[in-house]
Structures are given as structure tokens and as C-alpha cells.
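Asker: Could you have a look at this structure, given as C-alpha cells, before my questions?
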Amino acid sequence: MNLALLFIYIVCSVMIIIKAPDTLIPTLLQGSENTIKFLPVLFGSYCVFIPLIKILEKSKLDKSLAKLISPLNKALFPKEKKSAYAHLSLNLSTNLLGIGGASTPSGLKAMEEMTSKKNKIMLVVINSLSIQIIPTTVVAMRAAKGSAVDIILPSLLVTALTTVIGVVLVRVLVKE
Amino acid sequence: MSYLVPVILLSSFVLALVKRVSFYDSLTEGIKDALLLTLKLCPNLVAVFMAISLMQASGLSSMLANLVSPIFLYLGIPKELLELIILRPLSGSGSLALLESIYATYGVDSYLSVSASIIMGSTETIFYVVGVYFQGERDKKTGLAIPITLFASFIGVIVACAIARIIV
């Protein structure tokens, strides 16, 4: 990220200085101005959805969902300790509910408890494929701009597809 | 479909009532987190918004887009989404900044914006997640984790653009 950004800043500055040197500083100022315009939308979206997540956490909904999906976990991550399955179920259910902050600790604990390298890679792949049911920030950003087209169902379809591809590839390609 | 999110919000309020969760505390704690998170992201956002601004003004953006456009055309991906596709696995706040600038340039319900939204909503900051999960591991080799997720996500991008073409 560091190098990529530096590359962009240098190459673009050179290109701008060749074309129109007076515009370099206004261009940079435009960037910070755009950020300030965007902050209310971002803040607003977090203000709506983070309290919602707090309520879900406090009402232990993630734990009830974890119980529901535990059979799925035994199929995805075979031959692990019982304590690992508790963390795995919580990780998967918090991911689905979009409680990112709560899914990382349980995921890391599951990584510690699991013995199979293949299962560890499976967990990381599933977590990297964004399996949340509602992409809250995108939904709020679109709502703020008065969008009429729904993206929740399409996103869910694509996420489901990529997760299935990921799981199958880990199963087939990764060796124990 | 426009009922979905409002109904989920309402359900969470009812859930607070049924499960006797203190509602006011949940709100204020959540908003405090929201405030801190927004402030925490602010420097990253400015850095990326400046980069976006530089790339557009210098013409680097359109140069890169033209470079990949033959391959992207073949896969049905609009060339304007190149930056988002590259940045998405690397940086969450950065890709949010890009998404916002795509909305501002093309309009929120345009084909490009809808494709970008689905891509954003169905993919993750892969490198960050893999890094965090393997941090505590003695065996740091991530093996096929990154190639598999990148491949699956790229298929997701192609499908997202195809779906967007149907619904817009």
C-alpha cells in the first residue's frame, strides 16, 4: 500500500508538472475537500449501523445463530477439538451478521485451537470472502444519494458464489 | 426490497425491547464508536482521495484504464472500475473513497455505480484479513489462501458486472 501510493504520487506529480504545474496544489486540495464532503455520509452510516450491531451483541443473537450453524462447521472443518468449534461457530455467525469487530477475536482463537493447516486456510479464505448478509456501509452510502436500485440481493448472491468457489478450491487444491 | 433494511432496523429496536437490552446505552456506545472510527479513518481517506484526485487530473487513471480495456472488455468488466478492483483487496477505507468518487462522477444508479456497489458489498480487504489471521501463527506460510481468495473474488467481480447489466 505504502509503495503503491508513493508510486501514484510521484508519477502523477511528474505528469501534472509537465502538463500544467499550477494545478498540482489545487488538485491535492480537491482531495481533502472531497474527504470532508464524504465524512458526514460515512459518519451517518456508522451511527445507524454500529448501534444496531451493539443491540445484536447484547441480545446474544450471535450466540443463538452460532448454535444453528454449528453442524455446517463440523462439515467445513473436519477433525478439530470441541473448543475450536465453539470459536468457529461464533466467527461464522458474527461474520454473517456483519459484526466484524466480534468476528476477528473468535477467528484468531479458532486459529490457535485448530491443528490442521488445511482447516486454518479454509477459515482464512472464508473470512476473506466477505460473507456478511448486508453490506451496511455501501447500503447507507447509496441511500444518502437517493438510490433506487437495490444491491443487497445481488451482493448476497455474489458473496455466496465466491464463498462456494473458495471452499471448493480449498478442498480440492490445499493439501493437509 | 426497499422494505428490507428498514424492517431489519425496526426488528433490532423490537429485539432490544424483548431482550431487555438498554437501548439508550446501545445507541450512545454505538455512536461513540462511530465517531472514533470516522476520525480514525479520516487520515487514510484524505491520503487516498488525494491520490484519486491526482490520478484523474494527471490522466494516469484513463491511461491505465485504456491499457486493460481489451481484457476487461472480453470479461464484461467496465474499464472505469480498474482502480476499485486493484484497491479493494488492499484497503477498505481507500476503496470506500473510490466508491464515493464513482458515485459522484457517474450517478448512484448508473451501471458503473451499481457494479461498483455490488463489488464493494461482496468482497473484502483480503490482504488485511489474511495478515491479521496469520499474525499469531508460528508457520507464517499462507499457502494458497491469497491466490484462492483473489481468484474467487475476481470471478465475483465478473458476475457482479453481469448482474448489474441485468438490473440497471
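Asker: Can you tell me which residue among B:L45, B:L60 is open to solvent by less than 20 Å² (accessible area, probe 1.4 Å), free of Cβ contacts under 8 Å to residues at least 60 places away in the same chain and touching a Gly at 6+ places or on another chain (Cβ under 9 Å)?
Answerer: Numbers: B:L60 fails: touching a Gly at 6+ places or on another chain (Cβ under 9 Å).
After ruling out the rest, the residue left standing is B:L45.
Asker: In this structure, is B:S122 open to solvent by less than 10 Å² (accessible area, probe 1.4 Å), under 21 Å from A:K145 (Cα atoms) and at pLDDT below 95?
Answerer: Numbers: open to solvent by less than 10 Å² (accessible area, probe 1.4 Å): yes; under 21 Å from A:K145 (Cα atoms): yes; at pLDDT below 95: yes.
Taking the combined requirement at face value, the residue satisfies it.
Asker: Shifting gears a bit: Considering (1) more than 21 Å from B:Q135 (Cα to Cα); (2) open to solvent by 40 Å² or more (accessible area, probe 1.4 Å), say which one A:K109 fails and leave the rest.
Answerer: Only one criterion is unmet by A:K109, namely (1).
Asker: Related question: Give A:I17, A:I36 a once-over and let me know the one that is modelled with pLDDT of 90 or more and either under 26 Å from the mean Cα position of the chain (by Cα) or among the charged types (D, E, K, R) (or both).
Answerer: Working: A:I17 fails: either under 26 Å from the mean Cα position of the chain (by Cα) or among the charged types (D, E, K, R) (or both).
Just one listed residue meets the conditions, A:I36.
Asker: Checking A:A148 against (1) open to solvent by 30 Å² or more (accessible area, probe 1.4 Å); (2) aliphatic (A, V, I, L, M); (3) within 8 Å of chain B (Cβ to nearest Cβ); (4) in a helix (DSSP H, G or I), only one condition comes out false. Which one?
Answerer: (4)
Asker: Which one is nearest to the other protein chains (Cβ to nearest Cβ), of the residues in region A:162-176 that are assigned to a helix (DSSP H, G or I) and open to solvent by 80 Å² or more (accessible area, probe 1.4 Å)? Walk me through it before giving the result.
Answerer: Of all residues in region A:162-176, those assigned to a helix (DSSP H, G or I) come to A:162-173.
Those still in the list that are open to solvent by 80 Å² or more (accessible area, probe 1.4 Å) too: A:164, A:171-173.
Working: A:V164: 9, A:R171: 10, A:V172: 10, A:L173: 6 Å.
Among those residues, the one meeting the criterion is A:L173.
Asker: Right, another one. Within region B:95-112, work out how many residues are open to solvent by less than 10 Å² (accessible area, probe 1.4 Å) and within 8 Å of chain A (Cβ to nearest Cβ).
Answerer: Final tally of qualifying residues: 3.
Asker: Do you know which of the residues in region A:14-25 that are under 25 Å from B:Y103 (Cα atoms) and surrounded by 13 or more Cβ atoms within 10 Å (Cβ to Cβ) is farthest from the other protein chains (Cβ to nearest Cβ)? Walk me through how you get there before you give the answer.
Answerer: Within region A:14-25, the first condition is being under 25 Å from B:Y103 (Cα atoms), and the residues that meet it are A:16, A:23-25.
Retained after the next criterion (residues that are surrounded by 13 or more Cβ atoms within 10 Å (Cβ to Cβ)): A:16, A:23-24.
Numbers: A:I16: 5, A:T23: 6, A:L24: 8 Å.
Per the criteria, the residue is A:L24.
Asker: Another question, if that's okay. Can you tell me which residue among A:T159, A:T136 is open to solvent by less than 40 Å² (accessible area, probe 1.4 Å), within 28 Å of A:G44 (Cα to Cα), more than 7 Å from chain B (Cβ to nearest Cβ) and of a type outside the set (A, V, I, L, M, F, W, C)?
Answerer: Details: A:T159 fails: more than 7 Å from chain B (Cβ to nearest Cβ).
Only one candidate passes the filter, namely A:T136.
Asker: Can you pull out every residue in region B:26-42 that is at the interface with another protein chain (Cβ under 8 Å from one of its Cβ atoms) and open to solvent by 70 Å² or more (accessible area, probe 1.4 Å)?
Answerer: Selection gives B:E29, B:L35.
Asker: Also: Please go through region A:11-62 and pick out each residue that is of a type in the set (G, A, S) and out of contact with any Leu (no Cβ under 8 Å at 6 or more places or on another chain). Before the answer, list the steps.
Answerer: Of the residues in region A:11-62, the ones of a type in the set (G, A, S) are A:13, A:20, A:31-32, A:44-45, A:59.
Matches in region A:11-62: A:A20, A:S32, A:G44, A:S45.
Asker: Within region B:64-99, can you find the residues that are among the small types (G, A, S) and either more than 17 Å from B:S122 (Cβ to Cβ) or under 9 Å from the mean Cα position of the chain (by Cα) (or both)?
Answerer: Listed by number, the residues that qualify are B:A65, B:S69, B:S91, B:G92, B:S93, B:G94, B:S95, B:A97.
Asker: I need every pair where a residue in region B:113-137 that is within 7 Å of chain A (Cβ to nearest Cβ) has its Cβ under 6 Å from the Cβ of a residue that is acidic (D, E) and open to solvent by 10 Å² or more (accessible area, probe 1.4 Å), sequence separation at least 6 or different chains.
Answerer: From residues that are within 7 Å of chain A (Cβ to nearest Cβ), there are no pairs.
Asker: Also: Select from region B:1-35 the residues that are among the charged types (D, E, K, R), touching a helix residue (DSSP H, G or I) at 6+ places or on another chain (Cβ under 8 Å) and assigned to a loop (DSSP other than H, G, I, E, B) and list them in ascending order.
Answerer: Within region B:1-35, just B:K19 meets the criteria.
Asker: Also, I was wondering about something else. Please go through region B:63-81 and pick out each residue that is open to solvent by less than 20 Å² (accessible area, probe 1.4 Å) and either part of a helix (DSSP H, G or I) or under 14 Å from A:L5 (Cα atoms) (or both).
Answerer: B:A65, B:F72, B:L81
Asker: Continuing with this model, one more query. Scan A:L42, A:L52, A:L6 and give me the residue that is open to solvent by 40 Å² or more (accessible area, probe 1.4 Å), farther than 26 Å from B:D139 by Cα and of a type in the set (A, V, I, L, M, F, W, C). Full working, then the answer.
Answerer: Numbers: A:L42 fails: open to solvent by 40 Å² or more (accessible area, probe 1.4 Å); A:L52 fails: open to solvent by 40 Å² or more (accessible area, probe 1.4 Å).
It is A:L6.
Asker: For region A:72-93, state whether one or more residues are within 23 Å of B:G121 (Cα to Cα) and out of contact with any helix residue (DSSP H, G or I) (no Cβ under 6 Å at 6 or more places or on another chain).
Answerer: No: region A:72-93 contains no residue that is within 23 Å of B:G121 (Cα to Cα) and out of contact with any helix residue (DSSP H, G or I) (no Cβ under 6 Å at 6 or more places or on another chain).
Asker: Further, regarding this structure: Among what's in region B:48-57 and is open to solvent by less than 20 Å² (accessible area, probe 1.4 Å) and of a type outside the set (A, V, I, L, M), pick the residue that is farthest from A:C12 (Cα to Cα).
Answerer: B:F49
Asker: Among the numbered conditions (1) of a type in the set (A, V, I, L, M); (2) open to solvent by 20 Å² or more (accessible area, probe 1.4 Å); (3) touching a residue at least 60 places away in the same chain (Cβ under 8 Å), tell me where A:M141 comes up short.
Answerer: Answer for A:M141: the failing condition is (2).
The values are calculated or read from the model by the stated rules, or taken from the named source; none is laboratory data. Small disclaimer: the values here were computed from a predicted structure and weren't measured. Cβ: placed from backbone, ideal geometry, glycine included. Neighbour counts: every protein chain shown. SASA here: full protein model, heavy atoms, side chains in, ligands and nucleic acids out. Shrake-Rupley method; radii C 1.70, N 1.55, O 1.52, S 1.80 Å.
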